[in-house]
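In what follows, a single structure is set out as structure tokens and then discussed.
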Amino acid sequence: MAYDPLALALDAQAETAEQVTGAVERAADAPDRAAEMDGVEVGTTPAEEVYTENKLELLHYDSRTDEQNNVPILVVYALINRPYILDLQPDRSVIRRLLDAGHDVYLIDWNEPSRLDQHLGLSDYIDRYIDNCADEVRERSGQAQINLLGYCMGGTMSAVYAALYPEKVNALGLMAAGLCFDDTGGVLERWGSEEHYDPRDVVDTFGNAPSDLLDSGFAMMDPVENYLSKYARLYDKFDDEGFVENFARMERWIDDGIDVAGEAYAEFLEKFYQENALYNDDLEIGGREVEVDKIDMPVLQVLGEYDHLIPPAASRPFNDVVGSDDVTSIEHSTGHIGLSVSSSSHETVWPEVADWYHRVSEPDESDDAGPENEGTGGETVDDDGAEGNAAGDTSTDDPSDGVEAGNAGVENDGTGVENDGTTAVESETKADDDTAATGTAAVQTVTGIGPTYAERLREAGVETTADLVERDISELAALTGAGDSRVEGWLAELN
């Protein structure tokens, strides 16, 4: 093809004119778009405040169906950021998905601590605040046990609560929860290691952990995305009203951070990130040992495949150490916040989660009727104040698909990373104690020995329960990386 400088010049001129025209049109739209961004609403699902203590508010959401599951769900949110990410907009609301599926939903809104709260530790939040809220929900619902759904840091605290108060928990749902930090926690674990960071320095300096400091840290995990790319996408789609509104909702949440009580912040980093005490069964809260094998109720983990705040590897191994024989994982191709707000999560993940809560709340037909079994049933009750179904999807191109805490993440809408929105559901069932006690059974038949521990034992020549009892506690602890108390529990089961 012959070189034609005139044609090239004309093409360049046409392209420039097109870009200028687009820029002018966007500039003309700017006042309207700015008003839309300033006026977006979040957290609109109606709720009643039913309990308060210090700064926290316990919210009870209005039912949206004629009948509700008897066993309510208490949502335990993180101490960082505001909980309305779970109710960002009607068609992307975890709260509404659960309500529309017939669940009775409560949520703890921690609100922001004052300087007077800087000495509140994990025991205050778990033994006092969560426990008091759980008791309030139990009393209001007439149920002896309730369901939990813990998100991120709230998931970690929910797991601890379930281990300390298993008699009050019917089922434990964990969403992007940090539970195992053994070179599995990604960038945050590396940044928060004892070698590089002492959280006490922050507490001694500020009292509480400042939200600006936390937000900056999250943003620097992907600075190009958070400071450049997402704004370039906004510019390209400035004429898309739905995109701009969704972008504004996410930015409002990202910018609406709250401080974290100083002692709780320091303890969380020390005990979970630096010591990995929960997973190693070496955790104490309020002077009490947290024994994860006491988590014997059904457990669900909801994981984001591309979650770089809490990678699946920082959550999944926990399935191997709990005492439950009913453990399910749902892993979806999204990020940390995409689990809450992406369209694909609402199409596939949350219907499964809602169904799981119905399943684990069904009454056990083997239970005798009587007061001691009150609260374990999942029958539905009438509610004359029911509303209609949630609004349908209103947008198809959404910047919130894949946005992380403090940054935009790696899902499919507008990020350049494609996915098919599939989920992988994994259920793990452990054999009973009688089989394990035969001596010829595989080590994985022992309660608390999951695939990870079993593989480590097999590599050391410990393949059966007979092999297991021949080794001493310290040797088994060294082989598996488990705590001495956990190994003692394995051997006690076989004696």
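The values are calculated or read from the model by the stated rules, or taken from the named source; none is laboratory data. Predicted, not measured: the structure shown is a model, and the values here were computed from it. When we count neighbours, we look across all protein chains shown, and the Cβ atoms used for this are built from the backbone with ideal geometry, even at glycine.
The table below lists the values:
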{"item": "The listed residue being in contact with a Pro (Cβ under 9 Å, 6 or more places away or on another chain) and crowded, with 20+ Cβ neighbours inside 10 Å, out of ALA261, ALA314", "result": "ALA261"}
{"item": "Which listed residue is of a type outside the set (A, V, I, L, M, F, W, C), surrounded by fewer than 22 Cβ atoms within 10 Å (Cβ to Cβ) and in a strand (DSSP E or B), from GLU41, GLU57", "result": "GLU57"}
{"item": "Matching residues in segment 67-93 - criterion: being of a type in the set (Ser, Thr, Tyr) and assigned to a loop (DSSP other than H, G, I, E, B)", "result": "TYR77"}
{"item": "Odd one out for VAL105, checked against (1) touching a residue at least 60 places away in the same chain (Cβ under 8 Å); (2) within 16 Å of SER340 (Cβ to Cβ); (3) crowded, with 23+ Cβ neighbours inside 10 Å; (4) of a type outside the set (Lys, Arg)", "result": "(1)"}
{"item": "Residue ID - nearest to ALA264 (Cα to Cα), chosen from residues in segment 60-96 that are crowded, with 19+ Cβ neighbours inside 10 Å and β-branched (Val, Ile, Thr)", "result": "ILE80"}
{"item": "Residue in segment 319-330 that is touching a Gly at 6+ places or on another chain (Cβ under 9 Å), farther than 18 Å from GLN444 by Cβ and either modelled with pLDDT of 95 or more or assigned by TED's automatic domain parsing to the domain that holds ASN246 (or both) present", "result": "no"}
{"item": "Verdict on PHE272 being under 19 Å from the mean Cα position of the chain (by Cα) and not in a loop (DSSP other than H, G, I, E, B)", "result": "yes"}
{"item": "Some residue of segment 286-301 being crowded, with 19+ Cβ neighbours inside 10 Å, at positive phi and either assigned to a loop (DSSP other than H, G, I, E, B) or in the same structural domain as ALA159 (by TED's automatic domain parsing) (or both)", "result": "no"}
{"item": "Inter-residue pairs, beta-carbon under 8 Å, first closer than 12 Å to THR45 by Cα and in segment 62-87, second crowded, with 22+ Cβ neighbours inside 10 Å and basic (Lys, Arg), 6+ apart", "result": "ARG64/ARG96; ASP87/ARG96"}
{"item": "Selection count where residues are modelled with pLDDT of 95 or more and either loosely packed, with under 15 Cβ neighbours inside 10 Å or within 16 Å of ALA176 (Cα to Cα) (or both), scope segment 353-362", "result": "3"}
{"item": "Extreme residue, nearest to the chain's Cα centre (by Cα), among residues of segment 457-487 that are assigned to a helix (DSSP H, G or I) and at pLDDT below 80", "result": "ARG486"}
{"item": "Residue list for segment 136-183, restricted to those being free of Cβ contacts under 8 Å to residues at least 12 places away in the same chain and part of a helix (DSSP H, G or I)", "result": "GLU139"}
{"item": "Residue list for segment 93-129, restricted to those being over 19 Å from GLU49 (Cβ atoms) and basic (Lys, Arg)", "result": "ARG97, ARG115"}
{"item": "Residues located in segment 322-354, provided they are over 19 Å from VAL42 (Cα atoms) and assigned to a helix (DSSP H, G or I)", "result": "SER344, GLU347, THR348, VAL349, TRP350, PRO351, GLU352, VAL353, ALA354"}
{"item": "Failed item, numbered, when ALA277 is tested on (1) surrounded by fewer than 23 Cβ atoms within 10 Å (Cβ to Cβ); (2) in a loop (DSSP other than H, G, I, E, B); (3) of a type outside the set (Val, Ile, Thr); (4) touching a residue at least 40 places away in the same chain (Cβ under 8 Å)", "result": "(4)"}
{"item": "Search result, residues across segment 250-269 that are touching a Lys or Arg at 6+ places or on another chain (Cβ under 7 Å) and in a helix (DSSP H, G or I)", "result": "TRP253, ALA266"}
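Matching residues to (1) farther than 19 Å from LEU79 by Cα; (2) at pLDDT 90 or above; (3) under 22 Å from the mean Cα position of the chain (by Cα):
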site: GLY150; (1), (2), (3): no, yes, yes
site: ALA163; (1), (2), (3): yes, yes, yes
site: VAL169; (1), (2), (3): yes, yes, yes
site: VAL203; (1), (2), (3): no, yes, no
site: SER211; (1), (2), (3): no, no, yes
site: TYR227; (1), (2), (3): yes, no, no
site: PHE238; (1), (2), (3): yes, no, no
site: ASP255; (1), (2), (3): no, no, yes
